[in-house]
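Throughout, read-outs are computed from the coordinates displayed, never taken from laboratory work. This one's a predicted model, so the numbers in the text were calculated from it and none came from an experiment. Cβ atoms come from the backbone with ideal geometry, glycine included; neighbour counts cover every protein chain shown.
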Amino acid sequence: MAPSVSSLKNLDLSLLAQRLGRLCHQHGVEVTTAESCTGGGIASAITSVAGSSAYFTAGYVTYSNAAKTRMLKVPDAVLEAHGAVSEQVVNAMVKGACLESGASLAVAVSGVAGPDGGSQEKPVGTVWLSWGNAERQQAACFYFHGDRQAVREQAVREALAGLVAHLMAQTKGSEDK
């Protein structure tokens, strides 16, 4: 199950990004993004918040497989075995983004935004997201509907909601101790 809270998905992107910023400050977390199909949309949403430089370290737009390998150290064998739109690749992207940037939390996304590029196995709207750090990742697959822009917007929203939910779970976990 993705680290998501359904009520977060209804928030405006700027409100999600602001909530993420508050939680990053609260936990002393630095965040990074590793994006393919969203083309920097997640990083853009995060950095739209004034003061985000205090917790946002880097954004990687790795649209091609070669960029995923070169910038994030995603193994060629993983890409060949599973394809770019897969759990294994987004998990490797999270790991690589954290190791390369020094961030303690990352989100990664790879998907088929359309209108072309889909297949029977991975139709247009298939998007894999992963959240975590260099040691541990949690991925989920989504099937978004609409045109290219709608798929990308839904992926950005889900990515931010997942980051917020991840940090909220940390808060709950620390309160339970």
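Numerical summary
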{"read-out": "Cα centre as origin, Lys/Arg/Asp/Glu Cβ charges: the chain dipole, Debye", "value": "260 debye"}
{"read-out": "Computed helical MRE - 222 nm, the chain, DSSP H runs ≥ 4 contributing -39500 (n - 2.57), nearest 500", "value": "-14500 deg cm²/dmol"}
{"read-out": "Length-normalised contact order for the stretch 6-172 - Cα pairs under 8 Å, 6+ apart - percent", "value": "24 percent"}
{"read-out": "The chain: antiparallel DSSP beta bridges as a percent of all, rounded to 5", "value": "55 percent"}
{"read-out": "Pairs of lysine residues in the stretch 6-172 - Cα separation under 27 Å, sequence separation of 8 or more or cross-chain", "value": "9"}
{"read-out": "Whole-Hz couplings from phi, Karplus 6.51/-1.76/1.60, listed for the stretch 84-92; x for Gly and Pro", "value": "5, 9, 7, 4, 4, 6, 5, 5, 5"}
{"read-out": "Label selected from (i) 16.8, 57; (ii) 15.0, 49; (iii) 34.5, 123, the criterion being Rg and Dmax of the Cα atoms in Å as computed here", "value": "(ii)"}
{"read-out": "Gain upon complete extension [Q138, K73; 0.36 nm per residue less C-alpha separation]", "value": "21.6 nm"}
